[in-house]
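Engineer: Mind having a look at this structure? Questions to follow.
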Amino acid sequence: MKKTRFNILIEIITGRNIIALALMLIMLACNSEDKGRLIAKVGDKELHSDDIRFLNYSSSDSAEVVSNFVANWAEEQILVTAAEENENIDLKSIERKVERFRNELLIYQLENDEITSKLDTVVSDEEISAYYKDHKNDFQLNDYLVKVLYLKVPVDAPEPEKISNAYKLNQTDDLKTVEIYAKMYASNFYYDIESWIYFDDLLKEIPLHDIN
């Protein structure tokens with residue numbers, strides 16, 4: 001049987017008293033029928049191989065990861081034991097809180113499961129259209145939405161006639177012409193064929209007058 005020993009010294013400061021607990025942790029390569037191999041034991045608390053299956057590690061660092069976990073687990077068990085033996089700690093109150101939290105968590109999971117099982121997440125185009133027709137008032141905007149291409153350049157920018165023609169995007173390469181011109185001379189440029197913007201936001205950038 002292969003054994004690995006960890007010496008762990010835990011000091012717990014409680015008021016003026018310092019309780020020093022020394023633990024010789026022995027890794028035992030023995031088998032448990034239900035929980036897998038027994039890895040460590042602190043008092044009556046046991047850690048088995050099945051308890052650490054969730055650990056994520058590679059073959060190169062497995063020994064270090066497992067050793068660190070076991071050391072932390074052992075330290076935790078020592079502290080828990082010390083807390084359980086501390087007369088100033090109301091164990092019954094803690095147990096009631098744990099039980100109440102457990103019940104709330106179980107009920108929450110049950111409700112979530114019920115909602116998920118009954119929820120139909122597939123919505124057809126017909127259902128969307130019908131919902132829109134029945135709730136048109138909910139989709140009314142207080143402002144206009146527009147898709148725009150705007151370009152702000154100085155009044156003395158060169159070749160204004162060139163950009164005026166390209167700005168209409170009648171030709172396939174017009175947009176590229178506009179983008180190049182914007183990089184060279186524009187103080188502001190915006191164009192996104194996929195996005196809508198509020199008309200009021202556009203007016204902040206390009207004041208327009210005499211609009212009926």
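The values are calculated or read from the model by the stated rules, or taken from the named source; none is laboratory data. Worth saying up front: this structure is predicted, and the values here are computed from it rather than measured. Every residue, glycine among them, receives a Cβ derived from its backbone with ideal geometry; neighbour counts consider all protein chains shown. Surface areas here come from the heavy atoms of the whole protein model, side chains and all, with no ligands, DNA or RNA. Shrake-Rupley method; radii C 1.70, N 1.55, O 1.52, S 1.80 Å.
Engineer: From the list S59, S93, which residue is open to solvent by 100 Å² or more (accessible area, probe 1.4 Å), among the small types (G, A, S) and more than 20 Å from V42 (Cβ to Cβ)?
Structural biologist: Sole residue among the options that is open to solvent by 100 Å² or more (accessible area, probe 1.4 Å), among the small types (G, A, S) and more than 20 Å from V42 (Cβ to Cβ): S59.
Engineer: With the condition kept exactly as written, say whether any residue in segment 137-146 is outside any loop (DSSP other than H, G, I, E, B) and in contact with a Ser or Thr (Cβ under 8 Å, 6 or more places away or on another chain).
Structural biologist: Taking every residue of segment 137-146 in turn, none turns out to be outside any loop (DSSP other than H, G, I, E, B) and in contact with a Ser or Thr (Cβ under 8 Å, 6 or more places away or on another chain).
Table: residues versus (1) outside any loop (DSSP other than H, G, I, E, B); (2) in contact (Cβ under 8 Å) with a residue 12 or more places away in the chain; (3) surrounded by 15 or more Cβ atoms within 10 Å (Cβ to Cβ).
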site: D113; (1), (2), (3): yes, no, no
site: T116; (1), (2), (3): yes, no, no
site: V123; (1), (2), (3): no, no, no
site: S129; (1), (2), (3): yes, no, no
site: I163; (1), (2), (3): yes, yes, yes
site: T177; (1), (2), (3): yes, yes, yes
site: I180; (1), (2), (3): yes, no, no
site: I193; (1), (2), (3): no, yes, no
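Engineer: Looking only at segment 147-161, how many residues end up being on the phi < 0 side of the Ramachandran plot, open to solvent by 60 Å² or more (accessible area, probe 1.4 Å) and assigned to a loop (DSSP other than H, G, I, E, B)?
Structural biologist: Residues meeting the conditions: 4.
Engineer: Can you spot a residue in segment 31-53 that is of a type in the set (S, T, N, Q) and modelled with pLDDT under 85?
Structural biologist: Yes, segment 31-53 contains at least one residue that is of a type in the set (S, T, N, Q) and modelled with pLDDT under 85.
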